[in-house]
Amino acid sequence: MVSIEQAQHAILRRIKTLETEKVSVFEGLNRVTPVDHIAPWDIPPADNSAMDGYAFAFHTLTENRLRVAGFLPAGEVRTLPVPPGQAIKIMTGAPVPHDCDTIVPVEEVDEEGEWIRLKRQPKAGSHLRRRGEDISTGNVVVAAGALLRPQEIGMLSAMGKTTLDVFRRARVAIISTGDELLEPGSTPTTGKIINSNSYSLAAQIIDAGGAPVMLGIAADTLADTCEKIRAGLYADMIVISGGVSVGDRDFVKAAIEELGGEVEFWKVNMKPGKPLAFALLDGKPVFALPGNPVAAMVSFEMFVRPCILKAMGNRGIFRPRVEAVIEERVDNDGPRPHLVRGLVSLRDNRLVVSTTGNQSSGRLTSLTQGNGLVRLAPESVVSAGDRVEVLLLDRSFEMGKEMVS
Ligand code: AMP
Ligand code: MG
């Protein structure tokens, strides 16, 4: 048996980064830039006012009154000089005339016709935003390898970008195997169940930034399994659920070999999920995950998601791990590390976690009721109040309990 980390390492070193594509700047969100972005100009481009107020030259101020010599809204430039001892009314963002160096906000003056009276002594240089104080020409503002968040999209837009090169989305083909499967929309009859794995896996792929390619259900025959896998080779990766154990009707491993793939098959030392097959077929990664709905999703989390993220140029490819206080005693009396599904929440500014009950790997509610995986060492017990490590699967714990109505 191999450890989770050994299997991750063996798979990840085979994953190559995809090509880049040009997208509009806002479609760059949550994608990775392959290149440095260099500022073509200073931001802000000129000294400008941080407030609606009055601009003047501090050293010409001799009394607490100033005559108002003009008005300067944002978007306009004043070329006329501002006479000594006078001020101009200036709006936020307007370029400060070269002979002024100080701004007093409107709230700090009394307006008296053509004059203003200062309520208090201003500070020299106040409320002025300097040219280039955000960014100077030539600076790297978004570095190669950066994940583009809303703030990077804003920054790149401020640099005049309308399109960007980013690593393209990974197209991931999904195949579910099993003669017992019906598609959602049909009514389950005796012996049949609804194929949910194709859809949970598709959602996980989208969540990782990839694009799912739905190939439906393969019957439990070698021929049909081969046909579906061959169709999947149009994608960048293939994810298969079910048919990977040692049952009489488990054809996935044989099908990949039939198509010329060299299968690395592991029993991964984890619960849920143990059988995992990985192969490169025509250079494309193929992942064969267990069929049980929880095992399929958890295996995707541990092995497929990091690969999609790596292929799309990301540096951070693993979920965050946090320490939380567990609220109940939990036993792992088995020989494998147990990824127990738990609900993490914030209480009194501390993370706490409770388990989601029955941890059967067929019980999808153990995941719907939770948002994290508590990793318990083999043959170990944790007691209520112990600190445990939790892999955070989403950010629902941040939402707390209060609703804004
Ligand atoms: P298998 O790995 O093919 O032996 O499947 C293990 C268990 O997972 C069986 O109980 C299957 O019915 C169930 N299962 C397999 N594929 C799916 C699927 N696509 N959706 C929901 N359950 C599935
Ligand atoms: Mg099956």
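The values are calculated or read from the model by the stated rules, or taken from the named source; none is laboratory data. Everything quoted here is computed from the prediction, not taken from an experiment. Every residue, glycine among them, receives a Cβ derived from its backbone with ideal geometry; neighbour counts consider all protein chains shown. The area values use the complete protein model at the heavy-atom level, side chains included, leaving out ligands, DNA and RNA. Shrake-Rupley method; radii C 1.70, N 1.55, O 1.52, S 1.80 Å.
For the subset of segment 354-372 comprising residues that are outside any loop (DSSP other than H, G, I, E, B) and out of contact with any helix residue (DSSP H, G or I) (no Cβ under 7 Å at 6 or more places or on another chain), which member is surrounded by the most Cβ atoms within 10 Å (Cβ to Cβ)?
Gly372
Per the listing Leu276, Leu289, Leu259, the residue uniquely within 12 Å of ligand 1 (Cβ to nearest atom), hydrophobic (A, V, I, L, M, F, W, C) and out of contact with any Gly (no Cβ under 8 Å at 6 or more places or on another chain) is Leu276. Scanning segment 333-362 for residues that are farther than 25 Å from Glu398 by Cα and of a type in the set (Lys, Arg) yields one hit, Arg336. Being hydrophobic (A, V, I, L, M, F, W, C), surrounded by 14 or more Cβ atoms within 10 Å (Cβ to Cβ) and either away from ligand 2 (no atom under 16 Å from the Cβ) or under 27 Å from Gly316 (Cβ atoms) (or both) is the filter here; which residues of segment 176-206 pass it? Result: Leu201, Ala202, Ile205.
State all residues of segment 158-216 that are hydroxyl-bearing (Ser, Thr, Tyr) and within 10 Å of ligand 1 (Cβ to nearest atom); if no residue qualifies, say none. Explain how you work it out, then say what you get.
First pass over segment 158-216, keeping only residues hydroxyl-bearing (Ser, Thr, Tyr): 162-163, 176-177, 186-187, 189-190, 196, 198-200.
If the condition is that a residue be hydroxyl-bearing (Ser, Thr, Tyr) and within 10 Å of ligand 1 (Cβ to nearest atom), then Ser176, Thr177, Ser196, Ser198, Tyr199, Ser200 are the ones that fit.
Looking across segment 246-292, just one residue is among the charged types (D, E, K, R), outside any strand (DSSP E or B) and closer than 21 Å to Ala311 by Cα, and that is Asp282.
Across segment 207-214, a minimum of one residue is classified as part of a helix (DSSP H, G or I) and more than 16 Å from ligand 2 (Cβ to nearest atom).
On the basis of being within 27 Å of the chain's Cα centre (by Cα), over 19 Å from Ala377 (Cβ atoms), in contact (Cβ under 8 Å) with a residue 12 or more places away in the chain and within 16 Å of ligand 1 (Cβ to nearest atom), does Ala295 make the cut? Spelling it out, Ala295 is indeed within 27 Å of the chain's Cα centre (by Cα), over 19 Å from Ala377 (Cβ atoms), in contact (Cβ under 8 Å) with a residue 12 or more places away in the chain and within 16 Å of ligand 1 (Cβ to nearest atom). Cβ-Cβ contacts under 8 Å between residues 6 or more apart (or on different chains), taken from a first residue in segment 329-348 that is closer than 19 Å to Arg363 by Cβ to a second residue that is modelled with pLDDT of 95 or more and among the acidic types (Asp, Glu), are listed as Asn332/Glu379; Asp333/Glu379; Gly334/Glu379. Is it the case that segment 148-162 has a residue that's at negative phi and part of a strand (DSSP E or B)? No, segment 148-162 contains no residue that is at negative phi and part of a strand (DSSP E or B).
Outside any helix (DSSP H, G or I), exposed (fewer than 14 other Cβ atoms within 10 Å of the Cβ), within 16 Å of ligand 1 (Cβ to nearest atom) and charged (D, E, K, R): does that describe Asp331? No, not satisfied.
Scanning segment 24-41 for residues that are of a type outside the set (Asp, Glu) and in contact with a Pro (Cβ under 6 Å, 6 or more places away or on another chain) turns up nothing. Would you mind stating whether Leu29 is farther than 23 Å from Pro84 by Cβ, in the same structural domain as Val286 (by TED's automatic domain parsing) and surrounded by fewer than 17 Cβ atoms within 10 Å (Cβ to Cβ)? Criteria not met by Leu29. Whenever a residue of segment 99-113 is within 13 Å of Asn64 (Cα to Cα), its partners that are of a type in the set (S, T, N, Q) and open to solvent by less than 40 Å² (accessible area, probe 1.4 Å), lying with C-beta atoms within less than 8 angstrom and at least six residues away or across chains, give the pairs Val104/Ser126. Cβ-Cβ distances below 6 Å connect the following pairs, each with a first residue in segment 236-259 that is on the phi > 0 side of the Ramachandran plot, a second residue that is open to solvent by less than 70 Å² (accessible area, probe 1.4 Å) and within 12 Å of ligand 2 (Cβ to nearest atom), and a separation of six or more residues or different chains: Gly242/Thr177; Gly242/Gly178; Gly242/Gly291; Gly243/Thr177; Gly243/Asp250; Gly243/Phe251; Gly243/Val252.
Selection of segment 237-273 for residues being touching a helix residue (DSSP H, G or I) at 6+ places or on another chain (Cβ under 8 Å), more than 15 Å from ligand 2 (Cβ to nearest atom) and open to solvent by 10 Å² or more (accessible area, probe 1.4 Å) yields Glu258, Leu259, Val263, Glu264, Phe265, Trp266, Asn269.
Looking across segment 3-26, not a single residue is in contact with a Cys (Cβ under 8 Å, 6 or more places away or on another chain), open to solvent by 20 Å² or more (accessible area, probe 1.4 Å) and assigned to a loop (DSSP other than H, G, I, E, B). Scan segment 223-245 for residues that are part of a loop (DSSP other than H, G, I, E, B) and hydroxyl-bearing (Ser, Thr, Tyr) and the total you get is 2.
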